[in-house]
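The values are calculated or read from the model by the stated rules, or taken from the named source; none is laboratory data. In this text, all values refer to a predicted model and were calculated from it rather than measured experimentally. All Cβ positions, glycine included, derive from the backbone under ideal geometry; neighbour counts span all protein chains shown.
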């Protein structure tokens, strides 16, 4: 059996995670809970559902009625299953505008945790871009503003801090989707007070376990996880292969849920943001945010099983 190492801080957090999720123990009933799993934002104590929604590529869409109708159904399924966190960026083409337009057309007034990013060089261009993002997404206060892929972060971070003090944004963060940037992100996490960090983590790419996830736990920084399916590559590996029977022990019904629940079982993970434009995939993803999560032993078994697939 492959051992998933956890430092002392992470081990202690597992106890807290049992209240936020539903970690599998012998005392837990087999029936799946329909209460969505939530995790705490360490800097505030606010709770978030563990499955959010990314918009890269999927919401960079035109105005054709059938396209907009399909995305509206995706959003409805997201909210109906307890989702609140929607993550976007100016880098994602029309995604911010499409999200804002659809929410307005839906007359949505429910819980929403709006997150986007600044992705440009220079203080004033950054301010203008962030103002545009808020207008496009239709929010007066942005819940989370992040610096995208560390771009010009030393310039933007003072602006984000000022905006947080002024109440224009509620949380600040920095993102990367490139493993080569992990060292620089780690240095920023050590030196700067942040509410959130965002990076890639999956069964296929576990580099974040080495330093970023333990450091986020130690520093009290919430985490958003992108690319949980490695842009779909993980599904190609398991195509035509059945789930192991023991995956039912943590209320897992599909490969998507298998991949997501492995990530969620790490207690330093706050929220995962898979992106999809398909209703059935959204419903599938959201299912991972309910029921039991694998314990450390099952998590090791998941990794061993997946790696054995070749």
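A few remarks follow.
- Cβ-Cβ under 6 Å pairs, at least 6 apart or on other chains, region 74-94 side closer than 18 Å to residue 131 by Cβ, far side in a loop (DSSP other than H, G, I, E, B): 88/55; 89/119; 90/119; 91/119; 92/55; 92/56; 92/60; 94/60
- Boolean, residue 213 is surrounded by 15 or more Cβ atoms within 10 Å (Cβ to Cβ) and either at pLDDT below 95 or farther than 23 Å from residue 295 by Cβ (or both): no
- Just one residue in the set 55, 84 is modelled with pLDDT of 95 or more and in contact with a helix residue (DSSP H, G or I) (Cβ under 8 Å, 6 or more places away or on another chain); that residue is 55.
- Residues in region 207-225 that are in contact with a helix residue (DSSP H, G or I) (Cβ under 9 Å, 6 or more places away or on another chain) and in contact (Cβ under 8 Å) with a residue 40 or more places away in the chain: 213, 214, 216, 217, 218, 221, 222, 223, 225.
Matching residues to (1) surrounded by 24 or more Cβ atoms within 10 Å (Cβ to Cβ); (2) in a helix (DSSP H, G or I); (3) under 15 Å from the mean Cα position of the chain (by Cα):
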{"residue": "248", "(1), (2), (3)": "no, yes, no"}
{"residue": "252", "(1), (2), (3)": "yes, no, no"}
{"residue": "260", "(1), (2), (3)": "yes, yes, yes"}
{"residue": "266", "(1), (2), (3)": "yes, no, yes"}
{"residue": "277", "(1), (2), (3)": "no, no, no"}
{"residue": "281", "(1), (2), (3)": "no, yes, no"}
{"residue": "284", "(1), (2), (3)": "no, yes, no"}
{"residue": "289", "(1), (2), (3)": "yes, no, yes"}
{"residue": "297", "(1), (2), (3)": "no, yes, no"}
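- Taken over region 182-228, residues that are more than 25 Å from residue 143 (Cα to Cα) and in contact with a strand residue (DSSP E or B) (Cβ under 9 Å, 6 or more places away or on another chain) amount to 2.
- Enumeration of residues in region 108-148 that are part of a helix (DSSP H, G or I) and without any contact (Cβ under 8 Å) to a residue 40 or more places away in the chain: 123, 124, 125, 126, 127, 128, 129, 130, 131, 134, 135
- Odd one out for residue 105 among (1) part of a helix (DSSP H, G or I); (2) in contact (Cβ under 8 Å) with a residue 40 or more places away in the chain: (2)
- Output for region 91-124, where each listed residue is more than 18 Å from the chain's Cα centre (by Cα), over 23 Å from residue 70 (Cβ atoms) and buried (at least 18 other Cβ atoms within 10 Å of the Cβ): 119, 120
- Restricting 194, 136 to those that are modelled with pLDDT of 95 or more and out of contact with any helix residue (DSSP H, G or I) (no Cβ under 6 Å at 6 or more places or on another chain) reduces the list to 194.
- Filter pass, residue 185 being out of contact with any helix residue (DSSP H, G or I) (no Cβ under 6 Å at 6 or more places or on another chain) and buried (at least 16 other Cβ atoms within 10 Å of the Cβ): yes
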